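Data first, discussion second: the structure below is written as structure tokens.
The values are calculated or read from the model by the stated rules, or taken from the named source; none is laboratory data. Computed from a predicted structure; not experimentally measured. Backbone-built Cβ (ideal geometry, glycine too); neighbour counts: all protein chains shown.
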Amino acid sequence: MRVGLTTEGFSKLLVCLDPDRERAGYKYEELRTKLIRFFQWRGAPFAEEHADESLNRLAKKIEEGVAIKHPSNYCYQIARLVLLEALRGDDYRCTPLEEVEVELPAETGDDAAQKEQRLECLDGCLRTLPEDARDLIVAYYCDGNRDRIQRRKRLAERLGLNREALANRAQRVRNKLEQCVTRCLAEKLAI
């Protein structure tokens with residue numbers, strides 16, 4: 001789903017990033033650069049287009065009057081959804097951002113670094129999973145509350161499982177991921 005950027009939306013996005021127009025421009029470019037790296041590191045084709053799409057969706061939410069306290073954090077949540085859409089196609093699309101409300105705590109330097117380490121570990125651990133397990137866990141947890149039951153029911157049918165068996169399989173994969181992320185974080189802290 002492509003979202004167009006309006007002049008008003010872009011202006012409101014800049015004000016949300018910083019009241020000073022010049023600093024807002026720098027913050028916008030810095031966020032766009034980080035988003036491009038986010039998509040590149042995760043192997044998404046057309047990283048710049050996906051970064052722009054993420055920023056456009058953020059601008060649209062702001063233009064619609066959604067109060068966003070931490071635009072960078074919110075934008076990373078948008079980027080994750082855009083990434084899933086880009087890598088999975090229509091069969092694996094998660095809930096559109098318009099239906100998801102995300103509010104994250106304030107980002108301090110330490111919190112941001114810890115969050116980035118967790119994300120790096122999670123990405124690395126996801127890459128170590130077999131493709132079918134990775135697809136399962138992403139499809140199982142990709143959307144919010146709205147359509148989760150129906151989406152999981154369709155996933156179970158597609159895999160020839162009942163819902164309980166699907167939940168058990170997803171939990172086993174999640175447990176492996178959690179163990180892997182815990183080990184990875186322990187290694188990062190030891191360095």
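Quick notes on this structure:
- Residues satisfying the stated conditions in segment 42-67, i.e. crowded, with 18+ Cβ neighbours inside 10 Å and either assigned to a loop (DSSP other than H, G, I, E, B) or touching a strand residue (DSSP E or B) at 6+ places or on another chain (Cβ under 7 Å) (or both): R42, A44
- Members of segment 50-61 found to be touching a Lys or Arg at 6+ places or on another chain (Cβ under 9 Å) and more than 13 Å from L31 (Cβ to Cβ), listed by number: E53
- Pair list, Cβ < 6 Å and 6+ apart or interchain, from segment 41-67 residues that are polar (S, T, N, Q) to residues that are not in a helix (DSSP H, G or I): N56/V3; N56/L5
- Evaluation of P45 against (1) at pLDDT 90 or above; (2) over 14 Å from the mean Cα position of the chain (by Cα); (3) under 30 Å from L126 (Cβ atoms) (one fails), failing number: (1)
- Test: residue in segment 167-177 that is surrounded by fewer than 17 Cβ atoms within 10 Å (Cβ to Cβ) and closer than 17 Å to L87 by Cβ: no
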